[in-house]
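The values are calculated or read from the model by the stated rules, or taken from the named source; none is laboratory data. Owing to the predicted nature of the structure, the values given are computational and were not obtained by experimental measurement. Glycine also receives a Cβ, built like all others from the backbone with ideal geometry; neighbour counts cover every protein chain displayed. Note: areas computed on protein heavy atoms with side chains; ligands, DNA, RNA excluded. Shrake-Rupley method; radii C 1.70, N 1.55, O 1.52, S 1.80 Å.
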Amino acid sequence: LLDKSDKYDSRDVERLQQDDKWVENYLIWRHDVVDDTLKMIDESFQWRKEYTVNDLTESVLPKWLFENGALFLHGYDKEGYKLFWFRVKHHIKDPKQQLEKKKLVAFWLEHYAKRDHGKPITVVFDMAETGISHIDLDFVRFIVNCFTDYYPNFLTKIVIFEMPWIMNAAFKIVKGWLGPDAISMLKFTNKSDVQEYISGEYLPPHMGGTDSFKYSYPPLVDDDFQTPLCENGPITSEDEHESKEEIDADTKETGDLNEEQNLNQKKMNSIEQISKSEETDKTEFKPKNAKKALTTFKGPLLHISPAEELYFGSKETGEKKCLIVLTNVTKNIVAFKVRTTAPEKYRVKPSNSSCEPGTSLDIIVSLHGGFAASLQDRFLIMAAEMDQSSGAGIPELTQFWKEVPRTKVMEHRLRCHVVESSKPSSLTLKENAFNIPAKTNEDLHIQVIIYSFLTRLLQINKRLQEQIDRCLWFQQLSVVLSLLSVTVVAFCFYL
């Protein structure tokens, strides 16, 4: 690749040298066959340069393409993968516009791949109300090629909704373009069975769902790919299942946050020490695809722990609270707010506040009423530096967020993870665990540290076991080689 770098975008070559996960995805998609992998990298890199993928922005594509609504990202399937919608009825075959439409596909795929670190997506071909005028095999083949040849390990499944019988012959041709792996990902559905793959909350009414979402352009400033992230302050109408005692306890939790802010820094030191020791061990032995149970996202304004996922329990385990720890690493006050794609499910306290320089703050995320967490739920933490002279009250914060430039806002997203087993997970808070009365901020800290410590011990034990297994394997291999050597020497003497 380096010898023929003029064929490729230098940014792709540089990324290939630095991004092990990208290389691994190419190998996985080509079943670890090196020659096939190199061929795919060569073809995809040439394509990326031809389509100027690294430079595709909204400003270089016609505005009407975005307004058309034929292609967009919205919602998640039942496995938590983003949905890439192709509303076929909005697509009209026109050779003059074909290149621009193909670049729009590349724009969305590249945009999402970079934003969510290459997490795979599910493609939905919504073929309701389509006919002969919408058949464009060249465009369909391009979309197929994007996943089979250009974006490795980036496709989970292709959900085809209500394909008209008149298109059966056309899709026989499409199947011929797909390899056996991709063919197994095709899911032909209709209104009666589409919810096997996508829950009703992300399906429009014509597909039998309850999603009232209507695509529009431009999206809202804080939209997570057309899935709105809503403010998540106190709920005005309390859930009928909650008792007055629970509401009072929640209010007390919020009040305690400011009083115990001085204690936070000391306790954070313990967590940071655990994280540092984990990082040290990680350099010694790192199994493939391993994830740390407790990680910290180190942003320019805030360090956020956990870094990627909030762990909730299933209905059986009953774990309904999580803790997010924010640490201000600047010399100024940092304003922050938390948004979620499911505001009806969660309470976030505090959801809109500020953090003093060098201090840490707890954000308690709790499930409201009888709701259960799902893999599709997302949280967005937004942060921006404030002037020391600015006040930190609600009116000042409201005005601040109206005026702060978008370029000065740090954003970090968290996914939800549902723990099916009853064993404790990192940063998952279960009430009355270890017979400790819950509901106080200090208790939450103690549980976090205990859970982190136990998780750390389990990880060390697992790593030691793996190292022992490897040593035993080498020992057995050495014995076999020794016996073989002795046999050869004896045979030579015999001769």
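A few points about this structure:
- Selected residue (criterion: nearest to Trp29 (Cα to Cα)) from residues of region 82-132 that are aliphatic (A, V, I, L, M), outside any helix (DSSP H, G or I) and open to solvent by less than 50 Å² (accessible area, probe 1.4 Å): Ile121
- Single unsatisfied condition, Lys49 versus (1) of a type in the set (D, E, K, R); (2) part of a loop (DSSP other than H, G, I, E, B); (3) modelled with pLDDT of 90 or more: (2)
- Residues that are over 23 Å from Leu56 (Cβ atoms) and in a loop (DSSP other than H, G, I, E, B) within region 5-40 comprise Arg30, His31, Asp32, Val33, listed in sequence order.
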